[in-house]
Amino acid sequence: MLRCSIRNAQMDLRLMTDLSSPAPVVRPSLPAGRFRRLRAADKRHLRAHLLRLHPDDVRHRFMGAMPRRLIDRYVRGLDWQRAVLVGCFIGRSLRGVCELHPIVGNRAEIAISVERRFQGRGIGQALLGRILVLARNRGLTALELRCMIDNQRIRRLVGKFDGKTSFESMEASTTIQSLPPTAATYGTEIAEQAGTIGATLFRFWLGRAQRNWAGRCWSTPDLFHQPQARDEPTTPAA
């Protein structure tokens, strides 16, 4: 009898603890994102994406309030011959964009926007990683990103890519120093343009090259670090 009462008391205590503790936040599962370059034909997707942004995200993206008519004007005025845009599509809708705008010489400006519902899922990091590869292939090695000082999400994101941040008034300016292009970065861009099949073939080729030519080409597939040069052993002449 005593043992049964103790067991019941323990169950009641566990139930009270479970009811008093906050319920865990469960994010609904979403379809996998599809990343690709955006072209001039994607203007309507870009416009719809920017108009769906939360007002706070619009302020962070454009460094201030941006009325609907100004967003329309911004999309219409994009120079698609110079600007490089990468988007993340979930289903048929564009949910995230990373923009690369050359300034002068090897300098360029980066801007990132991800819709509120899809934040915190690694989309921004994947977009920025892809845009860094494209920047390297175009000789753009000083990449600047400006944001509001309270935009902690973007500041943490660029910190993952060794961005150096300086503060002035209510703005934060971050510079990411990129490296010159390599065969791997060119191959990555070609594979991305070729689509899923091309990307799969490229990853297969890269893995095979690492196994067969370890120490001769590069020691790591990391596309954001310069491969270390290795001295080839000399063979004495016969």
(message) Out of the residues in the range 41-95 meeting the condition of being closer than 15 Å to Gly124 by Cα and not hydrophobic (A, V, I, L, M, F, W, C), tell me which one is surrounded by the fewest Cβ atoms within 10 Å (Cβ to Cβ).
(response) Asp57
(message) Return the residues of the range 45-61 that are in a helix (DSSP H, G or I) and over 22 Å from Arg130 (Cβ atoms); say none if nothing qualifies.
(response) Leu51, Pro55, Asp56, Val58, Arg59
(message) Residue under question is Ala191, and the condition is that it be free of Cβ contacts under 8 Å to residues at least 40 places away in the same chain, small (Gly, Ala, Ser), surrounded by 14 or more Cβ atoms within 10 Å (Cβ to Cβ) and within 26 Å of Gly77 (Cβ to Cβ); does it hold?
(response) no
(request) Kindly indicate whether Lys164 is modelled with pLDDT of 85 or more, over 19 Å from Gln81 (Cα atoms), of a type in the set (D, E, K, R) and exposed (fewer than 15 other Cβ atoms within 10 Å of the Cβ). (result) no
(message) Which of the numbered conditions does Arg76 fail, given that it passes all the others? Conditions: (1) within 28 Å of Ser169 (Cα to Cα); (2) more than 15 Å from the chain's Cα centre (by Cα).
(response) (1)
(message) Could you check the range 79-104 and list, in sequence order, the residues that are closer than 22 Å to Thr141 by Cβ and either without any contact (Cβ under 8 Å) to a residue 12 or more places away in the chain or in a strand (DSSP E or B) (or both)?
(response) Asp79, Gln81, Val84, Leu85, Val86, Cys98, Glu99, Leu100, His101, Pro102, Val104
(request) Name, by its number, the condition in (1) assigned to a strand (DSSP E or B); (2) within 22 Å of Leu51 (Cα to Cα) that does not hold for Ala108. (result) (2)
(message) Could you check the range 79-108 and list, in sequence order, the residues that are under 21 Å from Arg156 (Cα atoms) and under 15 Å from the mean Cα position of the chain (by Cα)?
(response) Val86, Gly87, Cys88, Arg95, Gly96, Val97, Cys98, Glu99, Leu100
(message) Name the single residue that is nearest to Met63 (Cα to Cα) among those in the range 117-129 being surrounded by fewer than 20 Cβ atoms within 10 Å (Cβ to Cβ) and either within 15 Å of the chain's Cα centre (by Cα) or among the small types (Gly, Ala, Ser) (or both).
(response) Gln119
(request) Kindly provide the set of residues from the range 144-173 that are outside any loop (DSSP other than H, G, I, E, B) and touching a Ser or Thr at 6+ places or on another chain (Cβ under 6 Å), ordered by number. (result) Glu144, Leu145, Arg146, Val158, Lys164, Thr165, Ser166, Ala172, Ser173
(request) Could you tell me which residue of the range 138-158 is nearest to Ile110 (Cα to Cα), considering only residues that are surrounded by fewer than 17 Cβ atoms within 10 Å (Cβ to Cβ) and in contact with a strand residue (DSSP E or B) (Cβ under 6 Å, 6 or more places away or on another chain)? (result) Glu144
(request) Check whether at least one residue in the range 24-32 is modelled with pLDDT of 50 or more, within 19 Å of Gln125 (Cα to Cα) and surrounded by 10 or more Cβ atoms within 10 Å (Cβ to Cβ), and report yes or no. (result) yes
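The values are calculated or read from the model by the stated rules, or taken from the named source; none is laboratory data. Here the structure is a predicted model, which is why all the values come from computation and not from measurement. Backbone-built Cβ (ideal geometry, glycine too); neighbour counts: all protein chains shown.
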